[in-house]
Amino acid sequence: MTEKTPKRRPGGLKRAHAERQDEVDVEVSAPHAKSSRTKDVAEDEDEMAVPLPDSGETDELADLKELYDKAFATLKTDSEKAFSLFRGLVHESDRVLRLQAEAGETPPPHLYWVYGMALFCMSELKEEADSFDFLRLSSERFARGQELAQDFHDEALDARLKLSDLHERLALGHAKALIGQARVLAHRAAEHPDIAAETLSDRETLVKDAVENFELAVQSAQAAGYSQSVAEPLLIQEISLLQSYVDALAEWDEIERWNGVAIDKLTAALKNHEASPKLWFHLGYCHWSLAKYFLDQDEEDGEEDEEDDDEKATRYSELIGQAQPYLRKSHEYLAKSQELYGKDNPESVFMLLTLGEVLINLGNCVEATTALDDDAEESEPSVLDGLTQDQYYERAVAAFNQARQLGGDDYMLPEQFEQFLQDWEEEMQQSEEETD
């Protein structure tokens, strides 16, 4: 048998969660703000308060909303300044609530949306280990806002604050904060397996409550009379958040369960939105997530030196064999998404990165199959679904190059993919030199 090309499997990608204006895109914002105490976020006297704008008027709620808009607009250019603005917004929200309580007044639910979003954005600007208290307080504020919103109707106030669809906004914010808490607990459980069982019940409750809040958001959209225009974006937000939670899980039963929930929702949605590249992408990503569980097992095994080379090779072949059906399904759905996106759509960058990684691993499947086949003819390269290992790698290279092109002049591929392209180019150059 000829010498096999070494497997080239870069590590997995972390999910990007941002699909909507109210959601913070941490990956494109400035570096995380410096850590601060989180034991009592709302009353941290060591942090600088930012006063409300002095507009000469007494509409403090409108001023709070203006401060939120200013802080949110600052996120992508100066995360530390944004954090200070959100922190000031938290202090001012507390002050307004205290004054209204002293006056015997019931605050409008809009105040709790602004307050909850400030805390949520602060959580996104903290290291994950320090974000849990912000997320917990955020979910409490959203929940209180939802309670008040049940019997509150003031279209004039909605318009003045530019906060239409308040019920939907509160439900979405609450869902994000709940999933965020579950994700933190999942990462802790993965790092400390001895506490995994202890956190399971809490995580399950948080995710179930998040799913219920998404259903409330859909109901609010339906009540507003434009459910068709928001059904797909709402579902994509829900699935994106679920997938971000699944990416933090370590146990197969949980990974399979929540991917199954997402797959069922996506399959149902595609009956009415068959031409949606985003739905096809997320369906492909769910199957990639299932495959990645087995691929990650091989990486963990590779860190241990107890097994000999033959045992490691056998174990690798078993794991990639288990991953293969999920990889093939993922490839099918991602290829459909690629077709619907077209060649020049900047929104397809993350899909192309995922597709490239799936293609690499399908190439690895060809290698593993060949390695186990002692009867394979040297003159006839092995194939999977009609493609050789090198053909899968060539398609991965094309996907990464397209992603780099669509990402713009300042865009950098994740390091593992840049390394893959560099290794591939070097091997192609070496092959040409040997041919000459």
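The values are calculated or read from the model by the stated rules, or taken from the named source; none is laboratory data. Since the model is a prediction, treat every value here as computed from it, not as a measurement. With ideal geometry, Cβ positions are generated from the backbone for all residues, glycine too; neighbour counts draw on all protein chains shown.
One table, with the values for the structure above:
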read-out	value
Members of the range 378-392 that are surrounded by 13 or more Cβ atoms within 10 Å (Cβ to Cβ) and either of a type in the set (S, T, N, Q) or modelled with pLDDT under 95 (or both)	Pro381, Ser382, Val383, Leu384, Leu387, Thr388, Gln389, Asp390, Gln391
Close pairs (8 angstrom Cβ cut-off, 6 or more residues apart or separate chains): at pLDDT 95 or above in the range 205-228, of a type in the set (Ser, Thr, Tyr) anywhere	Val207/Tyr245
All positions within the range 75-95 that are surrounded by fewer than 24 Cβ atoms within 10 Å (Cβ to Cβ) and closer than 13 Å to Arg141 by Cβ	Asp94
Number of the condition not met by Leu234 [criteria: (1) buried (at least 19 other Cβ atoms within 10 Å of the Cβ); (2) modelled with pLDDT of 95 or more]	(2)
When residues of the range 297-345 are limited to those that are assigned to a helix (DSSP H, G or I) and either among the small types (Gly, Ala, Ser) or touching a strand residue (DSSP E or B) at 6+ places or on another chain (Cβ under 7 Å) (or both), the one modelled with the lowest pLDDT	Gly302
Selected residue (criterion: farthest from the chain's Cα centre (by Cα)) from residues of the range 276-296 that are at pLDDT 95 or above and aliphatic (A, V, I, L, M)	Ala291
Residue match in the range 410-424 (condition: more than 25 Å from the chain's Cα centre (by Cα) and closer than 20 Å to Ala368 by Cβ)	yes
Tally of residues being of a type in the set (Lys, Arg), more than 25 Å from the chain's Cα centre (by Cα) and under 12 Å from Ser220 (Cα atoms) across the range 138-169	0
In the range 329-361, the residues that are in contact with a His (Cβ under 6 Å, 6 or more places away or on another chain) and surrounded by 24 or more Cβ atoms within 10 Å (Cβ to Cβ)	Ser330, Val358
Matching residues, the range 399-426, being touching a residue at least 12 places away in the same chain (Cβ under 8 Å), part of a helix (DSSP H, G or I) and of a type outside the set (S, T, N, Q)	Ala399, Phe400, Ala403, Leu406, Gly407, Phe417, Phe420, Leu421, Asp423, Trp424
Test for Leu111: is it in contact with a Gly (Cβ under 8 Å, 6 or more places away or on another chain), closer than 17 Å to Asp63 by Cβ and of a type outside the set (Phe, Trp, Tyr)	yes
Leading residue by the ranking (farthest from Ala118 (Cα to Cα)) among those in the range 134-192 that are not in a helix (DSSP H, G or I) and not polar (S, T, N, Q)	His192
